[in-house]
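See below for the structure under consideration.
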Amino acid sequence: MSPHVRDTVLAGLVIAMGIGFPIALHLTGGTGIGRMFLPMFLPLAAGAFLLRPVHAMFTGAITPMLSALLTGMPPLAPPVAFLMVGELFVLTGVISILTVRTHLNEWIILTYGVIAERFILAVLAAGLSSAFGLPPQLVTWGSLIVSMPGIVLLFIVVPPVVGRVRKNRRYARGFVGVSAP
């Protein structure tokens, strides 16, 4: 199987998990819990370590929109889904590019990805909040504080999962995407 086909199949799996995780979380804890635990971010961040940049950024851009159209979460109005497209595109892009081009460990790469994603969120939220007549600082800091448990969860779950996948023999032989650094 060619690397492009493998990445396409893995991207499809990541997208499916990116839609499924929020559904499962919302069934157990209600709709507001998604903003707190960032369930869509978990599979997309992990997948970005295993996919080439084009496939990783595609999953980051398409998953929130597909989820919004299929499940109504994240909502299109207010434009949370559009904010998440920007956030996840940047998060997955930074993670995948740094994975391919550097020999940094997963923790450092994830840190850079989250910092870049939070910066984009701040820029997009500031622009949208002024369009809706809200104070930009309120929207930016509010979303950062509310999502802090999800950011912590990213650091608890993603690096060990990625490390475990990379130690898998089939992955080490090139079964999935990018070879381990």
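Across the range 107-161, which residue is farthest from the chain's Cα centre (by Cα) among those that are of a type in the set (Gly, Ala, Ser) and over 14 Å from residue 87 (Cβ atoms)?
133
Residue 166 is checked against (1) surrounded by fewer than 16 Cβ atoms within 10 Å (Cβ to Cβ); (2) closer than 21 Å to residue 46 by Cα; (3) touching a helix residue (DSSP H, G or I) at 6+ places or on another chain (Cβ under 8 Å); (4) at pLDDT below 95 and fails just one. What number does that condition carry?
Unmet for residue 166, out of (1) surrounded by fewer than 16 Cβ atoms within 10 Å (Cβ to Cβ); (2) closer than 21 Å to residue 46 by Cα; (3) touching a helix residue (DSSP H, G or I) at 6+ places or on another chain (Cβ under 8 Å); (4) at pLDDT below 95: (1).
Being among the aliphatic types (A, V, I, L, M), under 14 Å from the mean Cα position of the chain (by Cα), surrounded by fewer than 15 Cβ atoms within 10 Å (Cβ to Cβ) and in a helix (DSSP H, G or I), is that true of even one residue in the range 35-44?
no
Please enumerate the residues belonging to the range 62-120 that are of a type outside the set (Val, Ile, Thr), surrounded by fewer than 22 Cβ atoms within 10 Å (Cβ to Cβ) and assigned to a loop (DSSP other than H, G, I, E, B).
72, 73, 75, 76, 77, 78, 79, 103, 104, 105
Considering only residues of the range 106-139 that are in contact with a Ser or Thr (Cβ under 8 Å, 6 or more places away or on another chain) and β-branched (Val, Ile, Thr), which is farthest from residue 88 (Cα to Cα)?
In this case the residue turns out to be 139.
Within the range 78-101, restricting attention to residues that are at pLDDT 95 or above and of a type outside the set (A, V, I, L, M, F, W, C), which residue is nearest to residue 145 (Cα to Cα)?
87
When the residues of the range 45-61 are narrowed to those that are under 13 Å from the mean Cα position of the chain (by Cα) and more than 19 Å from residue 105 (Cβ to Cβ), which ends up surrounded by the most Cβ atoms within 10 Å (Cβ to Cβ)?
Across the range 45-61, the extreme among qualifying residues is 60.
The values are calculated or read from the model by the stated rules, or taken from the named source; none is laboratory data. All of these numbers come straight from a predicted model, not from anything done at the bench. Neighbour counts are summed over all protein chains in view; Cβ atoms, including those assigned to glycine, are modelled from backbone coordinates with ideal geometry.
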